[in-house]
Amino acid sequence: MIKILLVDDHAVVRMGLTMLLNSNPDMQVIGEASEGNEGIKKAMKLKPDVVVMDLSMPHGKDGLSATSELKKLMPEVNILILTMHNDEEYLFRAIQAGASGCILKSAPHDELMSAIESVSLGNAYLHPAATKRLMEEYLGSIKLDSQDTFHLLSDREKEVLTLVAKGYANKEIAEQLVISVKTVETHKGNIMEKLKMKTRPELVEYAVKKGLLGYGL
């Protein structure tokens, strides 16, 4: 029996998922929470095998923050991120936070059950579109390694790149590094030019690959 904790800010969604998952004889929803802080407390108390965590919860702690904190408190817990965002930036952030998998809210019911079963066994699970994206990134990394211009970045630019990848805004980066916002913008421009990138998501993916956040893909 796979014991499941649901963390989602919509009561109707939780009710629907509970009915669906409890219809599977190998699964049981043992608890619910409406935001991240409550989810962490429930997980610590109930010791679920899998936490199905909504990504976007505007009232309270969001799914990514809750996932990161919960993995520090309960490294053995498996967390499956449930999201409506089919966006690689959210995917990479979920992995960075410690999630075992990521599935779209629009996924078929049997895919959700398969994902829960997979992460309960300690395996990783990514929805098909995400798997395809990661494969493309892996194959692209071969080409990237052959023409990598990371060595062109100054130490300060590497610091800025790391903070950008962690989600800090320009003003926050300026405060941390004790420089002006304009200087941060200049550094970001130089980084993008040297790395031949045009968007923030590209910088996030690159930083993850280079291990600037403590781990790589």
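We did not get these values from a lab; they are worked out from the coordinates using the rules stated. As the structure is a prediction and not an experimental result, all values here were calculated from the model. Every residue, glycine among them, receives a Cβ derived from its backbone with ideal geometry; neighbour counts consider all protein chains shown.
Against the chain, whose longest principal axis comes from its Cα atoms, helix 63-73 is set at around 80 degrees.
With respect to the chain, whose longest principal axis is taken over its alpha-carbon atoms, helix 11-22 is tilted by about 60°. Considering only G122, N37, I103, and ranking their Cα positions along the charge dipole of the chain that arises from unit charges at the beta-carbon of Lys, Arg, Asp and Glu, the one farthest toward the positive end is N37. Centre-to-centre separation between the Cα atoms of region 2-39 and those of region 181-195: 44 Å. Between the helical axis of 128-146 and the longest alpha-carbon principal axis of the chain there is an angle of about 30 degrees.
Above 30 Å, the calculated P(r) of the chain contains 31 percent of its Cα-Cα pairs.
For region 112-123, the Karplus equation 6.51 cos²θ - 1.76 cosθ + 1.60, evaluated at θ = phi - 60°, returns couplings of 4, 5, 5, 5, 4, 4, 5, 5, 5, 8, x, 8 Hz by residue, with Gly and Pro reported as x.
Return the loop-located GluC sites (Glu not before Pro) in region 25-106 (DSSP other than H, G, I, E, B) with at most 11 other Cβ atoms within 10 Å of their own Cβ; answer none if there are none. In loop regions of region 25-106 (DSSP not H, G, I, E or B), the sparsely surrounded GluC sites (Glu not before Pro) are E76.
Counting charges near M15 (Lys, Arg +1; Asp, Glu -1) among other residues having Cβ under 11 Å from its Cβ returns a value of -1. Across the cross-link table entries K71/K171; K61/K158; K171/K194; K158/K194; K71/K158, which are compared at the Cα atoms, the separations over 18 Å belong to K71/K171; K61/K158; K171/K194; K71/K158. What shape does region 2-130 have by the C-alpha gyration tensor, where a ≥ b ≥ c are the square roots of the eigenvalues, rounded means a/c under 1.5, and otherwise prolate means a/b greater than b/c and oblate the rest? Rounded. Fewest neighbouring Cβ atoms within 10 Å first, the residues L5, L195 line up as L195, L5.
Overall, the chain carries a charge dipole of about 420 debye about its Cα centre when +1 sits on the Cβ of Lys and Arg and -1 on the Cβ of Asp and Glu, all other atoms neutral.
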